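Working notes, beginning with the structure itself.
The values are calculated or read from the model by the stated rules, or taken from the named source; none is laboratory data. Only a predicted model underlies this, so the values are computations on that prediction, with no experimental measurement involved. When we count neighbours, we look across all protein chains shown, and the Cβ atoms used for this are built from the backbone with ideal geometry, even at glycine.
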Amino acid sequence: MKHFNRIYHCQGEKNLPCILKVIKMVMTAGIDLGSTYTKIAVVKDDELVGYGIGPTGAYPDKTAEKLLDKAMADAGLKRAELGYIVSTGYGRRIMSIANEVISEISANAQGARWVGSEAGVVHTIVDIGGQDTKVISLDDDLQIRNFKMNDKCAAGTGRFLEVMAKTLKIELSDLGDVSLKSKKYIEIDSTCVVFAKSEINSLIAKGHHKTDIVAAIHRSVAQRLALMVRAVGLEEVVFFDGGPARNVGMRKALEDELNVKLYVPKNPQIVTSIGAAILARKKLEEQDNGH
């Protein structure tokens, strides 16, 4: 679907005819359907104009439809104005409204480089999802040099942090602030969710303060992530995204472990969906050029 704005450009005397310039306006959407949350991004030319985030639930296709409609409505736009939709993520292949599917590695890389451009050239991406964790290494031309993914175990994922928060009876959104109040260094050895829960209960029984336990949880996750980062190669700028990137305690623990300053975007959850929307525009342009 093609959209055009007509701009009349006049030069010289008032009675001279105006030159009609027709400029193509492209609007695309990216859907990142995760196992826990679905994220939507709408991009018009080189600008993010709308987005939506919500629990994936039992009917992910319907969830994506509602989020997309809301994102478009919030931006004062209509679904009919969309030129192309690309889906990515855990459930990308079940999106009936998508024109095409792409891997979340490609979408995340594209989104991180675009969102993080103000910090410089992004070379390393750390993405923590609900059920998996990814580390991606990029060269100067946005080509993926290497990547590592943990999708077999909950350790180091958003799910791990969620279970630990419930075990400690602390709101997930409060974990970061609680960890920053820690005054005593302790360690958690277990990375398995089941064993970590048992270890935390043991630490509580021994009288350790929750603030110190939460800080230890963040260090444990950061240490696991650092191993993945070093395996693919650490090079700045290091970009940190995914829901847990909003957690100040997680950011601090990872920065301490890697000994680098992380770049964290304003809305770290929607980076991959933004990347999908940008790639959707490229796909549309390729079609228009006959490729």
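Assorted remarks:
- Residue match in the stretch 57-78 (condition: under 17 Å from GLY111 (Cβ atoms), modelled with pLDDT under 95 and either assigned by TED's automatic domain parsing to the domain that holds VAL163 or loosely packed, with under 13 Cβ neighbours inside 10 Å (or both)): no
- If you go through the stretch 129-142 and keep only what is under 27 Å from TYR84 (Cα atoms) and either at pLDDT 95 or above or among the hydrophobic types (A, V, I, L, M, F, W, C) (or both), you end up with ILE136, LEU138, LEU142.
- One residue stands out among those in the stretch 119-151 that are within 22 Å of CYS192 (Cβ to Cβ) and of a type in the set (D, E, K, R): the one that is surrounded by the fewest Cβ atoms within 10 Å (Cβ to Cβ), which is ASP151.
Matching residues to (1) part of a loop (DSSP other than H, G, I, E, B); (2) crowded, with 23+ Cβ neighbours inside 10 Å:
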| site | (1), (2) |
| --- | --- |
| ALA215 | no, yes |
| SER220 | no, no |
| GLN223 | no, no |
| ARG251 | no, no |
| GLU255 | no, no |
| VAL260 | yes, no |
| ALA277 | no, yes |
| LYS283 | no, no |
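- Counting residues in the stretch 123-134 that are part of a helix (DSSP H, G or I) and out of contact with any Pro (no Cβ under 9 Å at 6 or more places or on another chain) gives zero.
- Residue pairs meeting the criteria (Cβ under 9 Å; at least 6 apart or on separate chains; first in contact (Cβ under 8 Å) with a residue 40 or more places away in the chain and in the same structural domain as GLY156 (by TED's automatic domain parsing), in the stretch 211-239; second acidic (Asp, Glu) and crowded, with 23+ Cβ neighbours inside 10 Å): PHE239/ASP127
- Residue in the stretch 158-166 that is under 24 Å from GLY111 (Cα atoms) and touching a residue at least 12 places away in the same chain (Cβ under 8 Å) present: yes
- Members of the stretch 46-56 found to be surrounded by fewer than 16 Cβ atoms within 10 Å (Cβ to Cβ) and over 12 Å from ILE274 (Cα atoms), listed by number: GLY54, PRO55
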